[in-house]
Amino acid sequence: MRVREPEEQIEHRILAAAVAEFAEHGFAGARIERISKQAGTVDRMLYYYYGNKERLYQAVLEKLYAEMIGAQRDFVLPPDPVAGMRQLIEHAWDHYVANPDLVRVIMNENLLRGRHIRQSQQVGRTSFPLVETVAEILSAGQAQGVFRRDVKAEHVLMSIMSLGFFYISNQYTCSAWMGVDLMSRPRRAGWRAHICEVVLRSIQA
């Protein structure tokens, strides 16, 4: 007798295939039939779980953001604010490098002017731990006199994300016109160190 596969396993395969499809083709170019084939199921199962392509895309966004939030919550805050800020920058960069599909899907959602993420109650109501962690580290460093008091946490956060996100999202065009492979191990390591120096120098007292 054939054992019925648990629904959570089917959904996991569908979402994994959908992440790859939307990352590669964007919302407009993604096809349900390719997702179902890659997931080893049939189109009607995707409609059964998600209703339509738009809701599936929203589920992909929620999955990627949930994973990013989970990674942020796993970050252990060191007692030294300078070491803490450095490790937080490295942590954010490493997540971008390890999750290129996250970057590509977010790029696509920005082209859509954030239409789907604004409709998501799960993402919209979530407090991103990184926001609070940056503010906590910055406040501790300001109290100890190692960070400037006129620096805003939101500016530090945007600097960290921008320097990491831009590198990954523009790796192909920048590699082409610079004539180098930006994703080689030495260049990734060099940029990781560079981000730390840029942010830390900009906030040091």
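The values are calculated or read from the model by the stated rules, or taken from the named source; none is laboratory data. The structure presented is a predicted model; accordingly, all values stated were derived computationally and were not measured. In this analysis, Cβ positions are derived from the backbone assuming ideal geometry, glycine residues included, and neighbour counts consider all displayed protein chains. Protein only, heavy atoms only, side chains kept; ligands, DNA and RNA dropped before computing areas. Shrake-Rupley method; radii C 1.70, N 1.55, O 1.52, S 1.80 Å.
Any residue at all in the stretch 26-39 that is touching a residue at least 60 places away in the same chain (Cβ under 8 Å), of a type in the set (Lys, Arg) and open to solvent by 40 Å² or more (accessible area, probe 1.4 Å)?
no
With in contact with a Phe, Trp or Tyr (Cβ under 8 Å, 6 or more places away or on another chain) and either small (Gly, Ala, Ser) or not assigned by the TED database to the domain that holds residue 89 (or both) as the only criterion, which of 164, 145 stands out?
Among 164, 145, only 164 is in contact with a Phe, Trp or Tyr (Cβ under 8 Å, 6 or more places away or on another chain) and either small (Gly, Ala, Ser) or not assigned by the TED database to the domain that holds residue 89 (or both).
Conditions tested, residue by residue: (1) open to solvent by 50 Å² or more (accessible area, probe 1.4 Å); (2) of a type in the set (D, E, K, R); (3) more than 14 Å from the chain's Cα centre (by Cα).
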site: 97; (1), (2), (3): no, no, no
site: 107; (1), (2), (3): yes, no, no
site: 110; (1), (2), (3): yes, no, no
site: 121; (1), (2), (3): yes, no, yes
site: 132; (1), (2), (3): yes, yes, yes
site: 136; (1), (2), (3): yes, yes, yes
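For the stretch 150-193, name all the residues that are over 20 Å from the mean Cα position of the chain (by Cα) and touching a residue at least 12 places away in the same chain (Cβ under 8 Å).
Matches in the stretch 150-193: 151 only.
Which condition number in (1) closer than 18 Å to residue 183 by Cα; (2) assigned by the TED database to the domain that holds residue 25 is the one that residue 104 fails?
All conditions pass for residue 104, except number (2).
Among the hydroxyl-bearing types (Ser, Thr, Tyr) and free of Cβ contacts under 8 Å to residues at least 40 places away in the same chain: does that describe residue 133?
Taking the combined requirement at face value, the residue does not satisfy it.
Could you give me the residue pairs with C-beta distances under 6 Å whose first residue belongs to the stretch 136-148 and is within 17 Å of residue 75 (Cα to Cα) and hydrophobic (A, V, I, L, M, F, W, C), whose second residue is modelled with pLDDT under 95 and open to solvent by 10 Å² or more (accessible area, probe 1.4 Å) wherever it lies, and which are 6+ apart or on separate chains?
138/153
For a quick check of your reading: which helices (runs of 4 or more DSSP H) sit entirely within the stretch 66-184 and have at least 3 residues that are aliphatic (A, V, I, L, M)?
Working: elements: 81-98, 100-111, 115-119, 121-124, 129-144, 153-169, 171-178.
The helices (runs of 4 or more DSSP H) meeting that bar are 81-98, 100-111, 129-144, 153-169.
How do the pairs read when you match residues in the stretch 65-85 that are among the β-branched types (Val, Ile, Thr) with residues anywhere that are outside any helix (DSSP H, G or I), using Cβ under 7 Å and keeping only pairs 6 or more apart or on different chains?
What qualifies is 69/126; 69/128; 82/146.
Here is a list: 89, 137, 117, 168. Which entry is of a type outside the set (S, T, N, Q) and modelled with pLDDT under 95?
Numbers: 89 fails: modelled with pLDDT under 95; 137 fails: modelled with pLDDT under 95; 168 fails: modelled with pLDDT under 95.
The conditions single out 117.
If only one of 64, 102 is open to solvent by less than 30 Å² (accessible area, probe 1.4 Å) and within 19 Å of residue 191 (Cβ to Cβ), which one is it? Spell out how you get there, then give the answer.
Working: 64 fails: within 19 Å of residue 191 (Cβ to Cβ).
Going through 64, 102 in turn, just one is open to solvent by less than 30 Å² (accessible area, probe 1.4 Å) and within 19 Å of residue 191 (Cβ to Cβ): 102.
Regarding the stretch 172-193, can at least one residue be identified that is of a type in the set (Phe, Trp, Tyr) and open to solvent by less than 40 Å² (accessible area, probe 1.4 Å)?
No: zero hits.
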